[in-house]
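These notes are about the structure you will find just below.
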Amino acid sequence: LVDRDENEGGLGDVVCSFKYRLIEEEGRLPSVALRTSLKLPTGSESKLLGSGEVDYSLGILAQKQYGRTCAYLNTDIVFIEKPNVFGTMPFDSHIVSVFWGMEYLLSEKTSLMFQAGAATSPFPSVDQVDVLKEAPIQAGFGASHKLGDSMVLQWGFIENITASWPDITLQTNLKMEF
């Protein structure tokens with residue numbers, strides 16, 4: 001699809017998210033929240049570090065605490081603009097993703113996380129490249145550490161299970177809670 005001779009590095013697109021809890025966890029019922037995200041095209045499109053487009057998503061999240069373990073299930077629909085790099089290739093303007101995970105609290109500030117997820121492909125009708133039609137599936141492991149009352153630093157390692165997502169992803173997040 002894209003023939004590049006050199007590796008590139010740098011800041012990618014930035015995602016800003018907002019989450020609002022609709023239902024508090026009570027008894028056997030999980031907490032439920034709505035989430036919306038906006039992806040800003042801050043990464044270099046020419047270096048393939050960004051799409052050059054603004055994208056957004058809407059999601060619903062469920063979370064249940066069991067002692068020191070927390071289970072969660074998230075589903076989102078992401079509305080995406082077709083990046084210029086894909087030219088005339090057929091492209092769906094949305095994908096649906098589902099992620100489930102577990103988080104284990106090591107201490108009041110630190111936790112370990114595992115998650116697995118799948119999504120629809122934005123290229124379901126590309127006959128020339130079968131791997132692009134596969135539903136992307138991934139598994140990840142990471143950690144989270146509170147830096148204060150309102151900031152959380154997260155890092156993770158994500159491995160693709162299907163060939164349609166990047167082979168290995170290293171990820172860091174700095175989350176501010178209000």
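The values are calculated or read from the model by the stated rules, or taken from the named source; none is laboratory data. Since this is a predicted model, take the numbers as computed values, not measurements. Methodologically, a virtual Cβ is constructed for each residue, glycine included, from the backbone with ideal geometry; neighbour enumeration extends over all protein chains shown. Heavy atoms of the whole protein, side chains included, go into the accessibility calculation; ligands, DNA and RNA do not. Shrake-Rupley method; radii C 1.70, N 1.55, O 1.52, S 1.80 Å.
Peptides 148-156, 111-119 ranked from most to least packed, by the mean per-residue count of other Cβ atoms within 10 Å: 111-119, 148-156. In the chain, one over the average inverse separation of all distinct C-alpha pairs is 18.0 Å, which is the Kirkwood hydrodynamic radius. Among the listed pairs Lys82/Lys133; Lys64/Lys146; Lys19/Lys39; Lys39/Lys133; Lys39/Lys146; Lys39/Lys109, those whose Cα-Cα separation exceeds 18 Å are Lys64/Lys146; Lys39/Lys133; Lys39/Lys146; Lys39/Lys109. Using every pair of separate Cα atoms, the Kirkwood estimate puts the hydrodynamic radius of segment 35-103 at 14.1 angstrom.
Near Glu45, the amide H atoms lying under 5 Å from its own belong to Gly50; only residues 5 or more places off or on other chains count, and H is placed 1.01 Å from N. The charge dipole of the chain, taken about its Cα centre with unit charges on the Cβ atoms of Lys, Arg (+1), Asp and Glu (-1) only, comes to about 720 debye.
Here the accessible area of the chain is 60 percent carbon and sulfur, with a 1.4 angstrom probe and all protein chains present. Restricting the trypsin sites (Lys or Arg not before Pro) of segment 31-112 to loop positions (DSSP other than H, G, I, E, B) with no more than 11 neighbouring Cβ atoms within 10 Å leaves Arg68. Quick one: grab the alpha carbon gyration tensor of segment 1-63, order the square roots of its eigenvalues as a ≥ b ≥ c, and give me rounded if a/c is under 1.5, else prolate or oblate depending on whether a/b is larger than b/c. Note, shape of segment 1-63 comes out prolate.
Accessible surface computed residue by residue for the chain, with neighbouring protein chains in place and a 1.4 Å probe, gives 66 Å² per residue.
The simple Förster model, with R0 at 45 Å and r as the Cβ-Cβ distance, assigns Asp92 and Leu112 a FRET efficiency of 0.80.
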